[in-house]
Amino acid sequence: MAFDYDKWIRPGKLPHIWCPGCGHGIVMKGLIRAMETLKLEKNDTAIVSGIGCASRLPGYIDCCTLHTAHGRAAAFATGVKMAKPEMNVILVGGDGDGTAIGGNHFIHACRRNIDMTYIIMNNYIYGMTGGQFSPCTPTGHKASTTPYGNPDPGFDIAKLAIGAGATFVARGTAFHANQIDKLIVEAIQHKGFSVVEILDDCPTTYGRRNKYKSVIEMMNRLKEVAVPVKAAEKMTAEQLQGKVLTGVLYKEENKPEYTSEYAKVIERASAAK
Amino acid sequence: MSKKVAFLQGNEAAAQGALYAGCNFFGGYPITPSTEVAEVMSVELPKIGGKFIQMEDEIGAMAVILGAALAGSKVLTSTSGPGLSLKQELIGYGCIAEIPCVIYNVMRGGPSTGMPTGPSQSDVMCAKWGTHGDHPAICLTPASVQETYEEVIRAFNLSEKYRTPVMVMPDEIVAHMRERIVFPEKGEIEVVPRKAPTVEPAQYKPYDTSYGDVPPLASFGSGYRFHVTGLNKMQDGFPTTKAEVVQAEEERQVRKVDANIDDIVTFEEYLLDDAEVVVVAYGSTSRSARYAVNAAREQGIKAGMFRIKTFWPFPDKQIKALATKTKGFIIPEMNLGMCALELERCVQGKAPVLGIFRVDGEPINPDQIVEKIKEVK
Amino acid sequence: MEKTLPKIEIIEKYCKGCHICVEFCPKDCLEMKGFYASVKNLEACIKCMQCELRCPDFAIKVITE
Ligand SMILES: Cc1ncc(C[n+]2csc(CCOP(=O)(O)OP(=O)(O)O)c2C)c(N)n1
Ligand code: SF4
Ligand code: SF4
Ligand code: SF4
Ligand SMILES: [Mg+2]
């Protein structure tokens, strides 16, 4: 049966603002399917974003939605979650928003292991502002501000998240659409800070400059580079050259979750009163 | 029953005032000379089931309180100069999204790291013009420990009543001095609750002006779901670029304060009835000014003081009225003439405005002010 | 057992003509007709839902039963 997205989309908000072939729409659909699978209560679900094309996502979804300032989603969301720990708090945004201007809040949300899910749409570029390089643009690639090729090395978002203390880290791609909701479901179910990176495409500002003839070529690239973690186990280092692992990359169940820890602070303080 | 009395520091009084006002969420980042507020809140909030969080920086601290406020909390952050600069983008967010919050900023020497332990009054313009774009600004400048306590309560009330960020800005002297404070009984000082929606969730619009210039604010997780953005928005909270809507909404946001100046502005008139020379002062400087006015009177000069308690909105009306019957204004301040500019704007050349400006980390002493008073002919 | 065919609905006011559904249909059931996607060969459809899942614009629905 066709999936009923309308149940989650705010009436009259489609078509969305994203360009033809932009993967952000595919990710939004994955998030909606995940919320439906988990039967999340709309009134108790907050979707928080920063600024950028990806960060426009919350406006479409019929939940408590908060479109904050560039890079600040994790910090706003921490306030929502601390104030109402019973709410489901989901963060969405782009690679630039999350790893450049918002990098500090991102790593500290990981460190606290606060029970929220962060979906980061990595299209390797600042899409909204017209294609300047982001901390995720691969070295050598073209952006409007790296006309001679990007001299910067890029971040590996998953490694960054794991290193900073996130306790669930997964990666998918916009091409592997039917995996997106499954990863998000697992991420939301995980108690702690969960990060789902979705490798995405921006045909308009990234594809064009980097010799992708069409969005189809960009999708094909995602198809080719992605290797599920299970499959990778049987592959040699050589075979894995240039590939990107997908699936659940990291999971740790024992690290204390922040709002639960703060509940203990409240208990200790009340006892000391 | 006799009232509870204590000997408290300004910053400690601020924290106590916040608790009286029902503050149940604090987000901050340590910075001298404001840190005691965070320390007291970290002790007291969890005792009452409230939340304290030390964030990774002041931008995060501002963000976390705005998020918590949208989830229904009464929120406070405390900081000083460099931190206030960092918070600015999100103070603007609070203004446009109309989120009640209180920012307690202790004024120390600046710019930049400046003089962390030195007093100053050089953030008063930052309180109004620090964030970009047109926006409402409310800023209170208490002059004593008791007043810091009370003004923090008033700040919470104003932020709820007008659904906008409110700043309380003592200078370092007020924040760090210790004085006797008498605590009000519960209920003695009014505490204004957030105006909650009365309509069904399906009908709710976060910026519904049919309720006047200050629409009720629902909270996330209370059965109401809505959209909040820092983009110019329509009454339903969704972004718009429609010229007439943007214009109307911007004007309304500013009007929330501008149309209620008499409700917001507070001041003290000290010996002004027959005053020929008026010292305009605020914060700790007003303490020296009071002393100076008394000293000048002893020397036969008819001096008085107009003490600014609410710096923004500025008491234009009162200054304009004084300008018609005053020979001269003296403005002592611990900056290079910020309030003086506002005074000149209001006095409109009807009387001289003489400044005493210090930015050396030393307080302005009464003698300096008496000398200036004598210069008015 | 007789094969039941799905109904494939393309919502033209949402379709942005990106070709994704057409390119990645494993059975080549879809085509671009002018700006919009359109059904070319419904009989071949195996109801894999790939087109619906990948359409970034909520513009294609595969209705089975
Ligand atoms: C403080 C601030 N600095 C810069 C900008 C301009 N800006 C808006 S979106 C954006 C980049 C967004 O890139 P990303 O997060 O990767 O999202 P995408 O558009 O690629 O989905 C920038 C630099 C801003 N809005 N605010
Ligand atoms: S500019 Fe890029 S990221 Fe933004 S909507 Fe267009 S394709 Fe998507
Ligand atoms: S359901 Fe599968 S086979 Fe049928 S049209 Fe869509 S992609 Fe092609
Ligand atoms: S994937 Fe969707 S938007 Fe793209 S051509 Fe097909 S129906 Fe149209
Ligand atoms: Mg991007």
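The values are calculated or read from the model by the stated rules, or taken from the named source; none is laboratory data. All figures in this text were calculated on a predicted structure; none of them were measured in a lab. Quick reminder, even Gly has a Cβ in these numbers, built from the backbone with ideal geometry, and neighbours come from all protein chains shown.
Residues in region B:359-370 that are exposed (fewer than 14 other Cβ atoms within 10 Å of the Cβ) and not in a loop (DSSP other than H, G, I, E, B): how many?
So the count comes out to 1.
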Please work out which one of (1) touching a residue at least 12 places away in the same chain (Cβ under 8 Å); (2) of a type in the set (Ser, Thr, Tyr); (3) surrounded by fewer than 24 Cβ atoms within 10 Å (Cβ to Cβ) is the condition A:Tyr148 fails and give its number. (1)
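Would you confirm, using the coordinates I've provided, whether C:Cys55 is on the phi < 0 side of the Ramachandran plot and either within 10 Å of ligand 4 (Cβ to nearest atom) or of a type in the set (Val, Ile, Thr) (or both)? Before the answer, list the steps.
Values: on the phi < 0 side of the Ramachandran plot: yes; either within 10 Å of ligand 4 (Cβ to nearest atom) or of a type in the set (Val, Ile, Thr) (or both): yes.
Taking the combined requirement at face value, the residue satisfies it.
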Subset of region C:9-18 that is out of contact with any helix residue (DSSP H, G or I) (no Cβ under 6 Å at 6 or more places or on another chain) and at the interface with chain A (Cβ under 9 Å from one of its Cβ atoms) - its residue that is nearest to ligand 1 (Cβ to nearest atom): C:Lys16
Starting from region A:112-128, keep only residues that are more than 14 Å from every other protein chain (Cβ to nearest Cβ), then list their pairs with residues that are within 7 Å of ligand 5 (Cβ to nearest atom) and outside any loop (DSSP other than H, G, I, E, B) whose Cβ atoms are within a distance under 6 Å, requiring at least 6 positions of separation or different chains. A:Asn122/A:Asp95; A:Tyr126/A:Gly96
All but one of (1) more than 8 Å from every other protein chain (Cβ to nearest Cβ); (2) more than 13 Å from ligand 4 (Cβ to nearest atom); (3) loosely packed, with under 14 Cβ neighbours inside 10 Å hold for C:Ile63; state the number of the condition that does not hold. (1)
Leading residue by the ranking (nearest to the other protein chains (Cβ to nearest Cβ)) among those in region C:29-60 that are in contact (Cβ under 8 Å) with a residue 12 or more places away in the chain, more than 10 Å from ligand 3 (Cβ to nearest atom) and closer than 26 Å to A:Thr173 by Cβ: C:Pro56
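Going residue by residue through region B:99-107, is there one that turns out to be in contact with a Pro (Cβ under 9 Å, 6 or more places away or on another chain) and within 11 Å of chain A (Cβ to nearest Cβ)? Lay out the reasoning, then the answer.
To start, the set of residues in region B:99-107 that are in contact with a Pro (Cβ under 9 Å, 6 or more places away or on another chain) comprises B:99-107.
Filter once more, so that each one left must be within 11 Å of chain A (Cβ to nearest Cβ): B:99, B:101.
Yes, there is a match, as at least one residue in region B:99-107 is in contact with a Pro (Cβ under 9 Å, 6 or more places away or on another chain) and within 11 Å of chain A (Cβ to nearest Cβ).
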Go through region A:1-31 and give me each residue that's touching a residue at least 60 places away in the same chain (Cβ under 8 Å) and either more than 9 Å from every other protein chain (Cβ to nearest Cβ) or among the small types (Gly, Ala, Ser) (or both). A:Gly21, A:Gly23, A:Gly30, A:Leu31
Which members of region A:8-54 meet the condition of being of a type in the set (Lys, Arg) and either within 20 Å of C:Val22 (Cα to Cα) or in contact with a His (Cβ under 6 Å, 6 or more places away or on another chain) (or both)? A:Lys29
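Let me confirm something: among A:Gly102, A:Gly52, A:Gly96, which residue is on the phi > 0 side of the Ramachandran plot, more than 8 Å from chain B (Cβ to nearest Cβ), away from ligand 4 (no atom under 16 Å from the Cβ) and of a type outside the set (Val, Ile, Thr)?
Details: A:Gly102 fails: on the phi > 0 side of the Ramachandran plot; A:Gly96 fails: on the phi > 0 side of the Ramachandran plot.
Step by step, each of A:Gly102, A:Gly52, A:Gly96 is checked, and only A:Gly52 is on the phi > 0 side of the Ramachandran plot, more than 8 Å from chain B (Cβ to nearest Cβ), away from ligand 4 (no atom under 16 Å from the Cβ) and of a type outside the set (Val, Ile, Thr).
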Among the numbered criteria (1) assigned to a loop (DSSP other than H, G, I, E, B); (2) under 30 Å from A:Ile9 (Cβ atoms); (3) more than 14 Å from chain A (Cβ to nearest Cβ); (4) of a type outside the set (Asp, Glu), which one does B:Pro206 miss? (3)
Can you pull out the residues in region A:81-111 that are in a helix (DSSP H, G or I), closer than 25 Å to B:Tyr29 by Cα and touching a strand residue (DSSP E or B) at 6+ places or on another chain (Cβ under 9 Å)? A:Lys81, A:Met82, A:Ala83, A:Gly96, A:Asp97, A:Gly98, A:Thr99, A:Ala100, A:Phe106, A:Ala109, A:Cys110
What are the residues in region A:43-63 that are within 19 Å of A:Asn122 (Cα to Cα) and either of a type in the set (A, V, I, L, M, F, W, C) or within 16 Å of ligand 3 (Cβ to nearest atom) (or both), if any? A:Ile47, A:Val48, A:Ile51, A:Cys53, A:Ala54, A:Leu57
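Of A:Asp181, A:Asp201, which residue is surrounded by 24 or more Cβ atoms within 10 Å (Cβ to Cβ), within 14 Å of chain C (Cβ to nearest Cβ) and either within 16 Å of ligand 5 (Cβ to nearest atom) or of a type outside the set (Val, Ile, Thr) (or both)? Write out each step before concluding.
On the way: A:Asp181 fails: surrounded by 24 or more Cβ atoms within 10 Å (Cβ to Cβ).
Criteria check complete, one pass: A:Asp201.
Which of the residues spanning region B:140-188 are part of a loop (DSSP other than H, G, I, E, B), at negative phi, out of contact with any strand residue (DSSP E or B) (no Cβ under 9 Å at 6 or more places or on another chain) and not charged (D, E, K, R)? Please lay out each step first, then the result.
If we filter region B:140-188 for residues that are part of a loop (DSSP other than H, G, I, E, B), which is where we start, we get B:141-144, B:163-164, B:169-170, B:177, B:183-188.
Narrowing further to those that are at negative phi: B:141-144, B:164, B:169-170, B:177, B:183-186, B:188.
Imposing the further condition that a residue be out of contact with any strand residue (DSSP E or B) (no Cβ under 9 Å at 6 or more places or on another chain) reduces the set to B:184-186, B:188.
Once the filter is applied, which keeps residues that are part of a loop (DSSP other than H, G, I, E, B), at negative phi, out of contact with any strand residue (DSSP E or B) (no Cβ under 9 Å at 6 or more places or on another chain) and not charged (D, E, K, R), region B:140-188 yields only B:Pro184.
Counting just the residues of region B:37-80 that are of a type outside the set (Ser, Thr, Tyr), farther than 21 Å from A:Val89 by Cα and surrounded by fewer than 22 Cβ atoms within 10 Å (Cβ to Cβ), which one comes out farthest from the other protein chains (Cβ to nearest Cβ)? Step through it out loud before you land on a result.
Going residue by residue through region B:37-80, those that are of a type outside the set (Ser, Thr, Tyr) are B:37-41, B:43-72, B:74-76.
Keeping just the survivors that are farther than 21 Å from A:Val89 by Cα gives B:37-41, B:43-48, B:57-58, B:76.
Then drop every residue that is not surrounded by fewer than 22 Cβ atoms within 10 Å (Cβ to Cβ), which leaves B:39, B:43-44, B:47-48, B:57.
Details: B:Glu39: 14, B:Val43: 8, B:Glu44: 8, B:Lys47: 5, B:Ile48: 8, B:Asp57: 6 Å.
Taking the candidates together, the pick is B:Glu39.
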Which one of C:Leu30, C:Leu5 is touching a helix residue (DSSP H, G or I) at 6+ places or on another chain (Cβ under 7 Å) and at pLDDT below 95? C:Leu5
Answer yes or no: is there a residue in region B:281-289 that is over 23 Å from B:Ala137 (Cβ atoms) and not aliphatic (A, V, I, L, M). yes
Evaluate the following for B:Val214: is it more than 21 Å from A:Gly79 (Cα to Cα) and in contact with a strand residue (DSSP E or B) (Cβ under 8 Å, 6 or more places away or on another chain)? no
Report whether or not B:Val166 is surrounded by 24 or more Cβ atoms within 10 Å (Cβ to Cβ) and modelled with pLDDT of 95 or more. yes
Scanning region A:76-106 for residues that are among the hydrophobic types (A, V, I, L, M, F, W, C) and within 16 Å of ligand 1 (Cβ to nearest atom) gives A:Phe76, A:Ala77, A:Leu91, A:Val92, A:Ala100, A:Ile101, A:Phe106
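Within region C:38-59, is even one residue within 20 Å of A:Arg33 (Cβ to Cβ) and either loosely packed, with under 13 Cβ neighbours inside 10 Å or among the polar types (S, T, N, Q) (or both)?
Looking only at region C:38-59, we keep the residues that are within 20 Å of A:Arg33 (Cβ to Cβ), and these are C:47-59.
Now drop any that are not either loosely packed, with under 13 Cβ neighbours inside 10 Å or among the polar types (S, T, N, Q) (or both), which leaves C:50.
Checking region C:38-59: at least one residue is within 20 Å of A:Arg33 (Cβ to Cβ) and either loosely packed, with under 13 Cβ neighbours inside 10 Å or among the polar types (S, T, N, Q) (or both).
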Exactly one of (1) free of Cβ contacts under 8 Å to residues at least 12 places away in the same chain; (2) touching a Lys or Arg at 6+ places or on another chain (Cβ under 8 Å) is unmet by B:Trp129. Its number? (2)
For region C:1-22, what are the residues that are within 9 Å of ligand 4 (Cβ to nearest atom) and either surrounded by 15 or more Cβ atoms within 10 Å (Cβ to Cβ) or among the hydroxyl-bearing types (Ser, Thr, Tyr) (or both)? C:Ile10, C:Ile11, C:Tyr14, C:Cys15, C:Lys16, C:Gly17, C:Cys18, C:His19, C:Ile20, C:Cys21, C:Val22
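Here are some residues: B:Gly118, B:Gly60, B:Gly67, B:Gly72. Which one is over 19 Å from the mean Cα position of the chain (by Cα), outside any helix (DSSP H, G or I) and within 26 Å of B:Leu19 (Cα to Cα)? If you could, list the steps in order and put the result at the bottom.
Working: B:Gly118 fails: within 26 Å of B:Leu19 (Cα to Cα); B:Gly60 fails: outside any helix (DSSP H, G or I); B:Gly67 fails: outside any helix (DSSP H, G or I).
That would be B:Gly72, the only listed residue that is over 19 Å from the mean Cα position of the chain (by Cα), outside any helix (DSSP H, G or I) and within 26 Å of B:Leu19 (Cα to Cα).
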